[in-house]
Amino acid sequence: MPRIICVAGARPNYMKIKPVMDALEHRDAEVLLVHTGQHYDPAMNDVFFADLGIRPPDRFLGVGSGSHAEQTGRVMTAFEPLLAEVLPDLVVVVGDINSTLACALVTAKAGPLLAHVEAGLRSRDWSMPEEVNRVATDRVSDYLLAPSPDAAGNLRAEGYRADQIHLVGNVMIDTLLANLERARTSDVLDRLGLARGGYGLVTLHRPANVDDPEVLGGLLKALGEIAGRCPLVLPAHPRAAGRLAELGVPGGIQVVEPAGYLDFIALQDAARVVLTDSGGVQEETTALGVPCVTLRDNTERPVTVEEGTNVLAGRDPARVVRTVHAVLDAPPAPRRPALWDGRASDRIAEVLLNGDTAATRPRPTDRPTTPTGPTFPI
């Protein structure tokens, strides 16, 4: 029975780690859930554990907030003795937050095998802390579990061995499909006075969009113009709430408290259009077939543009307004990428439990060998 640590640290991780834990435990692996405490606000943490039915963490590191260096360092310092105590065979990290990189580095130096869920995503924007985290985590990982063909292609182009790269699909969609009918029974539309198809949903949280008053002010001006045609609802991320209050929100935009997972899926599912700077929302709207306009100049999820309902608008206010009007006039046809079928976590478990051990598996910088392990053609 392999002993596996699964790491989560912040809201974007929870939807990714839950199906992976379930699939591993279904195959009799001993799974320990470690929560680093990078997100600790109940609105960003407790409600997601409750909505998704995630069991309480086996270990809570309680690292809290801080600069990138402080937070990464605190996670490493707390995770290292835990790893020495538990002695896992494998550590699974997901996504691209500071906790992901911190636990990956500690694991790589300690010796257990390391698996990265969502490997290979690239925005090509080195100013994004998440891009640095993604690239560095991939470099020290034994298993690179890619959600889409472009991610697997990035890894091949960067020189990773074939036996490391596994195209498994998108675990976010596993969670979405497993909970969609429950989400559709939510009364959130009634609570907020909304009608299906009668509003747009907005999320803003990236530092590049909310930390600079000039950028945020320009985006709010654009949102105000859009709200004249399509009323907007904006669940305020803690990072953005204070700044929104300082700048003032134009009429037609309803600012509400952060939503739990089920309520937020319900809001996406019923929206006429979604405007976001979130990578996960780009994926969820594609799976739901809902038009999405991304308020960024790039995306690490280009498959949502090429094979989904996402459109990149950038951050120029005039361009954002034009793009949203074009999407409202002619919504993109619903499309869902291959392997976004609700079974990514099963494929991940199949890869991770195929009998490799740290003593027999080539490590990340070993020379190329004949490809091994299961593949999942599309």
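The values are calculated or read from the model by the stated rules, or taken from the named source; none is laboratory data. Treat the numbers as computed from the prediction; the structure is a model and nothing was measured. Note that each Cβ is placed from the backbone with ideal geometry, even for glycine, and that neighbours are counted across all protein chains shown. Note: accessible area is taken over every heavy atom of the protein model, side chains too, but ligands, DNA and RNA are not part of it. Shrake-Rupley method; radii C 1.70, N 1.55, O 1.52, S 1.80 Å.
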**Asked** Picking from Glu306, Glu300, Glu225, Glu284, which residue would you name as being farther than 25 Å from Glu131 by Cα and either of a type in the set (Asp, Glu) or modelled with pLDDT of 95 or more (or both)?
**Response** Glu225
**Message:** Which residue is nearest to the chain's Cα centre (by Cα), if the candidates are limited to region 196-217 and must be under 18 Å from Cys292 (Cα atoms) and among the aliphatic types (A, V, I, L, M)?
**Reply:** Leu204
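Here's the yes/no breakdown for (1) farther than 13 Å from Gly200 by Cα; (2) of a type in the set (Val, Ile, Thr); (3) in contact with a Gly (Cβ under 7 Å, 6 or more places away or on another chain):
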position	(1), (2), (3)
Ala266	no, no, no
Thr285	no, yes, no
Val290	no, yes, no
Glu307	yes, no, no
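Matching residues to (1) outside any strand (DSSP E or B); (2) at pLDDT below 95; (3) not small (Gly, Ala, Ser):
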site: Asp174; (1), (2), (3): yes, no, yes
site: Asn179; (1), (2), (3): yes, no, yes
site: Ser186; (1), (2), (3): yes, no, no
site: Ala208; (1), (2), (3): yes, yes, no
site: Cys230; (1), (2), (3): yes, no, yes
site: Val233; (1), (2), (3): no, no, yes
**Request:** Kindly indicate which of Asp46, Asp96 is charged (D, E, K, R), open to solvent by 10 Å² or more (accessible area, probe 1.4 Å) and in contact (Cβ under 8 Å) with a residue 40 or more places away in the chain.
**Result:** Asp96
**Message:** Take Thr36 and tell me if it is closer than 20 Å to Thr175 by Cα and open to solvent by less than 50 Å² (accessible area, probe 1.4 Å).
**Reply:** no
**Request:** Name every residue in region 236-248 that is more than 13 Å from Asp277 (Cβ to Cβ) and either touching a strand residue (DSSP E or B) at 6+ places or on another chain (Cβ under 7 Å) or open to solvent by less than 10 Å² (accessible area, probe 1.4 Å) (or both), in order of residue number.
**Result:** Ala236, Leu244
**Message:** I'd like the full set of residues that are open to solvent by 40 Å² or more (accessible area, probe 1.4 Å) and under 24 Å from Val327 (Cβ atoms), limited to region 176-191.
**Reply:** Arg184
**Fill in**
Wholly inside region 259-349, strands (runs of 3 or more DSSP E) that include 3 or more residues that are surrounded by fewer than 19 Cβ atoms within 10 Å (Cβ to Cβ) are none
**Request:** Six or more apart or on different chains, Cβ under 6 Å: which pairs go from a residue in region 298-325 that's within 17 Å of Leu288 (Cβ to Cβ) to one that's open to solvent by 50 Å² or more (accessible area, probe 1.4 Å)? Could you list them?
**Result:** Glu307/Arg335; Gly308/Arg335
**Pairs with Cβ under 7 Å, 6+ apart, first in region 1-17 and over 20 Å from Pro112 (Cα atoms), second surrounded by fewer than 22 Cβ atoms within 10 Å (Cβ to Cβ) and β-branched (Val, Ile, Thr)** = Tyr14/Ile54
**Message:** Condition check: assigned to a loop (DSSP other than H, G, I, E, B) and crowded, with 16+ Cβ neighbours inside 10 Å. Does Leu204 satisfy that?
**Reply:** yes
**Item:** Verdict on Met76 being of a type outside the set (Asp, Glu), open to solvent by 50 Å² or more (accessible area, probe 1.4 Å) and touching a residue at least 24 places away in the same chain (Cβ under 8 Å)
**Value:** yes
**Request:** Look at region 131-165 and say how many of its residues are β-branched (Val, Ile, Thr), assigned to a helix (DSSP H, G or I) and either without any contact (Cβ under 8 Å) to a residue 60 or more places away in the chain or open to solvent by less than 10 Å² (accessible area, probe 1.4 Å) (or both).
**Result:** 3
